[in-house]
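Beneath this line is the structure, given in structure tokens, with notes to follow.
The values are calculated or read from the model by the stated rules, or taken from the named source; none is laboratory data. In this text the structure is predicted, and so the values were computed from the model without any measurement. Positions of Cβ are generated from backbone atoms using ideal geometry, with glycine treated the same way; all protein chains shown enter the neighbour counts. Side chains are part of the model used for accessible areas, which takes the heavy atoms of the whole protein and leaves out ligands, DNA and RNA. Shrake-Rupley method; radii C 1.70, N 1.55, O 1.52, S 1.80 Å.
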Amino acid sequence: MTDTVELPILDFPRLSLKEGVDTSRPIPILIKVAKDGETPNIFYAPTAERFAVDLKAAEYLETHAATQTPEAKAHARAVREAKALISAPTLTPEEWSKSEEWADWVCDGEETYASSVEELVEQLADMEVATPSYCYVTTARGFDFDLENAVETYLMDEHHEDAECTHLDKLIDFFNEWKKTETVKTYWPGSTIVVIDPARFADEIAAAKTLVAEGFDPQLALNSQD
């Protein structure tokens, strides 16, 4: 039959079978595309690659599937970044340099760190990277390691489920006392922004607000795939 749809193994709703059907072995089933005038008893959502027992459920599956496409996920990530940019507290380079609240480093949000905004701009220029309109303050993190969780994970991965370490509490007490003497620090980008170029930064804020306001239409995404 030319209108039979060949599909992979998919999630399938429960079937209502007539009396007399032999359920002691696999049951052969034929699925075909309903022609005009025929009443379907099942719907297939092609984007979701799943079946639904009614049209409303199939439409929901399609809409949800549209939000899981690479384009939709990229848009959602861009919106999250835009919202973070809009809500971020801002400082001028002078305010940052005079404040004792922040760590003594700024960064581009990636891997480039510097002890001043000017130094950061110079480093990026040496790397042939365009000067950003803003950079991030950094926050210092001390030595932080969950020894108890690490031991429990090791036991689960390498030993039987009933394995236990003797006197683990003594080891943890010792470890916690030792951590107090450890001075190692790592610096990570914070949420506060240092504005380098106010005009360009204002343009980026405006673009971010536009992106957030536009939202994402799953139906348009589905139509664009046609």
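A few remarks follow.
- Count, lysine Cα pairs under 17 Å in the chain, 8 or more residues apart or across chains: 4
- Integer Hz, Karplus 6.51/-1.76/1.60 couplings in order for the stretch 118-132, x for Gly and Pro: 4, 5, 4, 4, 5, 4, 5, 5, 4, 8, 6, 10, 4, 5, x
- Annotation: per residue accessible area for the chain equals 75 Å², rounded to a whole number [probe 1.4 Å, protein chains only].
- When the convex hull of its Cα atoms is projected in every direction, mean area for the stretch 109-162 (nm²): 6.4 nm²
- Close amide H pairs (under 5 Å, H built 1.01 Å from N) link W105 with T138, residues at least 5 positions away or on another chain.
- Equivalent-ellipsoid semi-axes for the stretch 62-185 (Cα gyration tensor, √(5λ), whole Å, largest first): 39, 28, 13.
- 222 nm mean residue ellipticity, helices alone, for the chain (DSSP H n ≥ 4; -39,500 (n - 2.57); rounded to 500): -13000 deg cm²/dmol
- By a 1.4 Å probe calculation restricted to protein chains, F174 has an accessible surface near 140 Å², given to the nearest 10.
- Residue by residue, the stretch 177-184 carries 3J(HN,Hα) couplings of 5, 5, 4, 5, 8, 7, 10, 4 Hz when phi is fed to the Karplus relation 6.51 cos²θ - 1.76 cosθ + 1.60 (θ = phi - 60°); x denotes Gly or Pro.
- Distance (nanometres) between label positions extended 7 Å along Cα→Cβ at W178 and S191: 3.5 nm
- Rounded accessible area of T23 (nearest 10 Å², 1.4 Å probe): 100 Å²
- L147-A163 pseudo-label distance in nm [points 7 Å out on the Cα-to-Cβ vector]: 1.9 nm
- Pairwise inverse Cα distances across the chain, averaged and inverted, put the Kirkwood hydrodynamic radius at 24.4 Å.
- Between 0 and 90°, nearest 10: helix 70-87 axis offset from the chain longest Cα axis: 30 degrees
- Put the Cα centre of the stretch 146-207 next to the Cα centre of the stretch 28-83 and the gap is 40 Å.
- In this structure, the amide hydrogen of R50, modeled 1.01 Å from its nitrogen in the peptide plane, lies closer than 5 angstrom to those of A45, counting only residues at least 5 positions away or on a different chain.
- The stretch 108-193 - percent of accessible surface contributed by carbon and sulfur, probe 1.4 Å: 49 percent
- Taking only the C-alpha atoms of the stretch 7-135, the Rg (one decimal) and the largest Cα-Cα distance, Dmax (whole number), read 28.5, 85 Å.
- Heavy-atom surface analysis with a 1.4 Å probe gives the stretch 15-56 a carbon and sulfur content of 52 percent of its accessible area.
- Potential lengthening of the chain between V212 and I86 amounts to 44.4 nm, from the contour at 0.36 nm per residue minus the alpha-carbon distance.
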